[in-house]
Amino acid sequence: MKQLIQSFKTGELGLFDVPAPICQKNGALVETTISLVSAGTEKMLVDFAKKSMLAKAKDRPDLVKQVVDKMKKEGVKNTLEKVFTKLDSPIPLGYSLAGKVIKVGESLSGINIGDRVACGGAGYANHSEINYVPKNLMVKIPDGVDDIDASFVTVGAIALQGVRQTEPKLGERVAVIGLGLLGQLTVQLLKANGCKVIGSDIDPDKLELAKKMGANEVCEARDLIKKSNEFSNGYGVDAVIIAASTSSNQPVIDSAEISRMRGRVVFLGMVGMDIPRNDYYKKELDLRLSMAYGPGRYDPNYEEKGIDYPYDLVRWTEQRNFEAFLGLIEEGKVKPKELLTHSFEYDDAISAYDLLEGKIKEKYLGIILKYSGSLNLNEHKIVKRNSKVVQSDNVNIGLIGAGNFSKSVILPNIEKIEGYELVGVCTATGVSAEGTGKKYGFKYITTDSDEIFSNSEINSILITTQHNHHASLVLKSISSKKHCFVEKPLAIYEEELESISDSYDGASIIQVGFNRRFSPMLKNMKKHLSGQISVNYRVNAGVIPKNVWIQDRETGGGRIIGEVCHFIDSCSFLIDSKVISVYASTIHKNDQSIPDEDNINIVLNYDNGSMATISYYAYGDNSMSKEYIEVFGNGVSMRMTDFRELIIYKNGKETKEKSYNQDKGFSNEFRAFKASIKSGEPAIPFDSLYNTTKTTFKILESIKRGNLVSFT
């Protein structure tokens, strides 16, 4: 199937062959009939992507600061590699469409195959022939609404949420500044609400259209203050909705000027927000922001998992705004089709963006893409990218999952090592598969992991998905008799770990991405150690907000399972023994913006009499080094900081080792994986992988019980 994709790095646009998405349990696959090109939002994205690197940096000084800070910690080379990989990521365009349901997820009710639906959401309702859409981002289209009108659903919901934030009353006088697509819909919605409306813009054609759409009065921007005074009988308007898209601060200044005492000003568009305090203060104006489509936006529990908000407590979610907008169309109170200026066949989609960029010299407002439809899903599971010959004696990789970490760290390090062949890549979306497949020369791309496991050319599976998929994919690797490299953690539930242990027969290699044990500095430290030792491992981890997937117990497992496992493995590597008991204690804070377990002290007792203390803190200052290890034992003391400096104290002498670039062992772990496959001897014994993963579960148990937990 085809999807419209843009390179974030170069701005290049194209229709690319990508595999169809997999239907997940909380949504449906939708075959697109009409998609709306958002003249404002998409033009902004396209323009930004086409800017030079310097211009991008000037636009986002916040990101530049992050890059500089990262350089200080990880080194210039490592940081730049990650930055350029991020910029190389392709981006999907589009967020509003109408289509037909062709497959339904097992947990979805109320939607059936063949239903016409309107869908919204960036990353879901793309300009693509087939999209996977979660249930809360789609609604059935009423019989009295055609697909063209319905394709405006997302922009309509944005305008509707702006009107809701305004809280207009019957008969109130409201000004709408900016009469683009959002502004025109806002005018219609306000009229449907019984308001009198004055609209302003710099384009005479848009003023004429707004008048046609029901505005009581229109005026050019320069006449707004005078005309609004006349329109409001000298009192000032009751409310202002700023729907303009401009970096200028003038709409904010004008809004204060034309408002009545205690009036309301709502920001719907993207404008300068340097608020003139005196003007707003003297009138005691109520300043409000409108967030996209409504409550639920940016909440992964709502949008991805399909967990709805209670109807009686949150009356107007983004999905219910979708429904309300379509209902207004059905009643004839809103007429999106009247705003349509251009229609393109999907195969000619690039012409729509030529229009946005000014290559086609015509005025535009509403732009749609029309699709031919009738695709066979089974024919679009896999896309072949090249015909390279795969040698059976190589480590032939099937990659499942290609997020930022895979693309910025794992794949660049694999590329440095001879004897690896990248054969197939499976990702959740066709966009990610296309970008990864193109950059790293994969032979084929897919969104169906079965196409990876069933491929006879692939002898090794690389798993870099979200954590909740790790265990099931490892088990599938074992049953498929393929070697497996899985990013940490091995499992997020104890039952999963036991299933892997019961199934693993040693016939293939399993390696977990515990890269630190392969770092030059940790390997150097180990050379000086023997017998009983003590390790102090301090981690200045930084905050991960609660709404990020890794903090979700069902998806990421939390930070102890998902990240602390790294530090347990490093300690076990240095000590060369197994953990036999654990005691863990957390800080109990009133501030619950991050979980208590993100600030934790852990004591590990080992079978050989050694011990390790892991101090893991999320609430520190990130200017401090992230990882700091002290080791004591048998007449030697060592201190390592961020894998860039190692000091060894031995025989009364101090030896220093420094590195300009942080080396956490990523290249070495893949050299070790290849060597393991060739020799049949695992680089990390399975018993060690099992013990480390088991330890994370025992830590959580110790927190709950408040005492020492033994492995018996």
What list of ³J(HN,Hα) values in whole Hz, one per residue of the range 311-325 in order, does the Karplus curve 6.51 cos²θ - 1.76 cosθ + 1.60 (θ = phi - 60°) give from phi, with Gly and Pro shown as x?
4, 6, 9, 10, 5, 10, 7, 5, 5, 5, 5, 4, 4, 5, 5
Shape descriptors of the range 300-423 over alpha-carbon atoms, Rg and Dmax in angstrom, are 23.7, 68
How big is D, in µm² s⁻¹, for the range 379-510 by Stokes-Einstein at 20 °C and 1.002 mPa s if Rh is the Kirkwood radius over C-alpha pairs?
144
Order the peptides 498-505, 441-448 from the highest to the lowest mean number of other Cβ atoms within 10 Å of their residues.
441-448, 498-505
Under 23 Å between C-alpha atoms, the lysine pairs in the range 155-289 lying 8 or more places apart or on different chains count 27
Compute the helix-to-body angle for 181-192: its Cα long axis versus the longest principal axis of the chain, expressed 0 to 90° and rounded to tens.
60
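With only Lys, Arg, Asp and Glu charged, each at its Cβ (+1 for the first two, -1 for the last two), find how big the charge dipole of the range 358-457 is about the Cα centre; round to the nearest 20 debye.
Numbers: 13 positive and 11 negative charges, 157 e Å.
That gives a dipole near 760 debye.
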Checked against the structure, the computed P(r) over Cα pairs in 10 Å bins from 0, in percent among (1) 3, 13, 20, 22, 18, 13, 8, 3, 0, 0; (2) 3, 14, 24, 28, 20, 9, 2, 0; (3) 3, 11, 16, 17, 15, 14, 13, 8, 3, 0, 0 is the one labelled (1)
Starting from the Cα gyration tensor of the range 212-367, take the square roots of the eigenvalues, sort them a ≥ b ≥ c, and report rounded, prolate or oblate (rounded when a/c is under 1.5, otherwise prolate if a/b is larger than b/c, else oblate).
oblate
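Let me know the shape class of the range 620-712, please: from the alpha-carbon gyration tensor, a ≥ b ≥ c as square roots of the eigenvalues, rounded when a/c is under 1.5, otherwise prolate if a/b is greater than b/c, or oblate. Before the final figure, lay out each step's value.
Details: a/c = 1.71, a/b = 1.15, b/c = 1.48.
It is oblate, given that a/c is not under 1.5 and a/b is not larger than b/c.
Ordered by packing density, taken as the mean number of other Cβ atoms within 10 Å over each peptide's residues, highest first, how do 24-37, 699-712 rank? Could you put the intermediate results ahead of the total?
Values: 24-37: 23.7, 699-712: 14.3.
For the peptides 24-37, 699-712, the packing ranking is 24-37, 699-712.
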Any idea what log10 I(q)/I(0) is at q = 0.10, 0.11, 0.19 Å⁻¹ for the range 155-289, Debye with uniform C-alpha scatterers and no solvent?
-0.25, -0.30, -1.00
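Would you mind working out the magnitude of the charge dipole of the chain relative to its Cα centre, with +1 at each Lys and Arg C-beta and -1 at each Asp and Glu C-beta, to the nearest 20 Debye?
Values: 89 positive and 90 negative charges, 356 e Å.
Computed about the Cα centre, the dipole is about 1700 debye.
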From the backbone phi of the range 647-663, what are the Karplus-calculated ³J(HN,Hα) couplings (6.51 cos²θ - 1.76 cosθ + 1.60, θ = phi - 60°) in whole Hz, Gly and Pro given as x?
10, 10, 10, 8, 6, x, 10, 10, 10, 10, 9, 10, 9, 6, 10, 5, 10
How large is ³J(HN,Hα), in whole Hz, for each residue of the range 229-236 in order, when computed from phi with the Karplus curve 6.51 cos²θ - 1.76 cosθ + 1.60 and θ = phi - 60°, using x for Gly and Pro?
4, 5, 4, 9, 6, x, 7, x
Taking alpha-carbon centroids only, the range 206-260 lies from the range 158-205 a number of Å equal to 10
For the range 563-637, build the convex hull from the C-alpha positions and give me its volume per residue in Å³.
103
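Does the range 484-573 come out rounded, prolate or oblate, given a ≥ b ≥ c as the square roots of the eigenvalues of its C-alpha gyration tensor, rounded meaning a/c under 1.5 and, failing that, prolate meaning a/b above b/c?
Details: a/c = 2.21, a/b = 1.17, b/c = 1.88.
The shape class here is oblate.
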Relative contact order %, the range 136-201, counting alpha carbon pairs below 8 Å whose residues are six or more apart
32
For residue 664, go through the lysines and keep the ones whose alpha-carbon is under 16 Å away, minus same-chain ones fewer than eight residues off.
70, 72, 73, 77, 82, 416, 488, 523, 526, 626
Below 8 Å between Cα atoms, with a sequence gap of 6+, how large is the relative contact order for the chain in percent?
11
Projected onto their principal axes, the Cα atoms of the range 515-710 stretch, largest extent first, over whole-Å spans of 47, 39, 33
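Throughout, read-outs are computed from the coordinates displayed, never taken from laboratory work. Owing to the predicted nature of the structure, the values given are computational and were not obtained by experimental measurement. Cβ coordinates were reconstructed from backbone atoms using ideal geometry, including for glycine residues, and neighbour counts include every protein chain displayed.
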